[in-house]
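A short write-up of the structure that comes next.
Just so you know, all these numbers are worked out from the coordinates, no wet-lab data involved. Because the structure is predicted, anything quoted here is derived from the model rather than measured. Positions of Cβ are backbone-derived with ideal geometry, glycine not excepted, and every protein chain shown enters the neighbour counts.
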Amino acid sequence: MKRRLVVTRTMPPTVTARVAAAYDARFLDMVGGFDAEIFLAALDGADAVLVTPADRIDAALIALMPVSLKVIGTFSVGTDHIDLDAARASLLAVVNTPDVLSFATAEIALTLMLMAARRAGEGERLVRALAWRGWTPDFMLGSSLEGRTLGILGMGRIGRALARMVDGLSMRVIYHNRTPLPADQAHGAAYYAGEDEFLAACDVLSIHLPGGAATRHWLNADRIARLRPGAIVVNTGRGSTIDDEALIAALRSGRVAAAGLDVFAAEPAVPAGYLDMETVVLLPHLGSATHETRAAMGMLALDGIDAVLDGDHPANQLV
């Protein structure tokens, strides 16, 4: 008898095919908000579930899950949408998808940096609106990243991939972590232990922090004031790490020159203050959105689910 797996959202075709072949599968194909009632009803007799960051798996929901459930797989690296302590207390394994999305997400961070610095979003909108009146020497001047300092906040897998990518831009790279990396992992980036010194040196701040209470509104008005005047802020980590009101105020005043944002605290809602700003590049959470990466994420999550159900402890098991 096949084991039963519930999948909350539509997956890449290769992932769906593997699930359909290997499991007694229930595909919920949720769009938009997470429906906990439908989710719980589908779990009857399930051995495993594959969820996404759009699905809030809190302690109250975990308490209602059937005893048949052995493992929660998440289509993500981050797990702030899952109460890991509650999962642990309920003897539920949790597996995620590390490594496979690092390069793709770093690509989006680099894209946002370049778009924000060179006013690419504004220019594209101008052309589409048929409002471009022709070239002049002073038309839509942006800023070059050559010789500027990129500050990477959170030098994990994605931050390290970004550090490697900017070699060709002739940028200086610095980073702020709780501890310095071994030299062979830092890729020439300089470690700044002090938060004040780090922020003051950043022409571009790229945020790669996990979500959760410890990092909520890390970039607040106080820290923005310590950035180099005219800095660019990029976020491909978690939307909750930015105090949006503070960043919007800094953008309006010119204290922050531009921002590139791929993530938001209450997705898919975007704070209204960003929407009419030409200095902000907004993307709909595209960090890992390549065919290759999303397929690899699904396969890695399934590998972890398979291993747990077979009695093993896979490398991507968190709980």
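Annotations
- Near the amide H of A190, within less than 5 Å, lie the amide hydrogens of V173, I174, Y175, all on another chain or at least 5 residues away, with H placed in the peptide plane.
- Each of F198, F139 was scored by other Cβ atoms within 10 Å of its Cβ. Listed from fewest to most, they are F139, F198.
- Gap separating the Cα centres of the range 37-85 and the range 148-170, nearest whole Å: 34
- With θ taken as phi - 60° and the Karplus curve 6.51 cos²θ - 1.76 cosθ + 1.60 applied, the whole-hertz 3J(HN,Hα) list for the range 116-127 is 5, 5, 9, 6, 5, x, 4, x, 5, 5, 5, 5 Hz, x standing for glycine and proline.
- Computed from backbone phi with θ = phi - 60° and the Karplus coefficients 6.51, -1.76 and 1.60, the 3J(HN,Hα) list for the range 89-106 is 5, 8, 6, 9, 6, 10, 10, 10, 10, x, 6, 5, 9, 4, 5, 4, 5, 5 Hz; x is used for glycine and proline.
- Phi-derived couplings, Karplus 6.51 cos²θ - 1.76 cosθ + 1.60 at θ = phi - 60°, listed residue by residue for the range 171-184: 9, 7, 10, 10, 8, 10, 9, 5, 9, x, 8, x, 4, 6 Hz, with x used for Gly and Pro.
- Between amide H atoms placed 1.01 Å from N, distances below 5 Å from L50 occur with V6, V7, T8, G73, all of them 5 or more places distant or on a separate chain.
- Neighbours of L205, meaning other residues whose beta-carbon lies under 10 angstrom from its beta-carbon, give a summed charge of +1 when Lys and Arg score +1 and Asp and Glu score -1.
- Counted by Cβ distance under 13 Å from V280, the other residues give a net charge of -2, where Lys and Arg count +1 and Asp and Glu count -1.
- Helical runs assigned H by DSSP (4 residues or longer) give the chain a calculated mean residue ellipticity at 222 nm of -10000 deg cm²/dmol, each run adding -39500 (n - 2.57) before division by the residue total.
- For the range 102-282, the Cβ-based charge dipole about the Cα centre amounts to some 140 debye (Lys, Arg positive; Asp, Glu negative; other atoms uncharged).
- Between helix 244-253 and the chain: long-axis angle, C-alpha atoms, 0 to 90°, nearest 10: 20
- For the chain, a simple Cβ point-charge model (Lys and Arg +1, Asp and Glu -1, everything else neutral) yields a dipole of about 500 debye relative to the Cα centre.
- Taking other C-beta atoms within 10 Å as the exposure proxy, F75, F27 rank F27, F75 from fewest upward.
- Annotation for L114 and A225: the two label points, set 7 Å from Cα along the Cα-Cβ direction, are 3.6 nm apart.
- The residues packed around R4, meaning those with a beta-carbon under 11 Å from its beta-carbon, carry a net charge of +1 if Lys and Arg are +1 and Asp and Glu are -1.
- Interchain or long-range residues, amide H under 5 Å from V233's placed H: L205, A258, A259, G260
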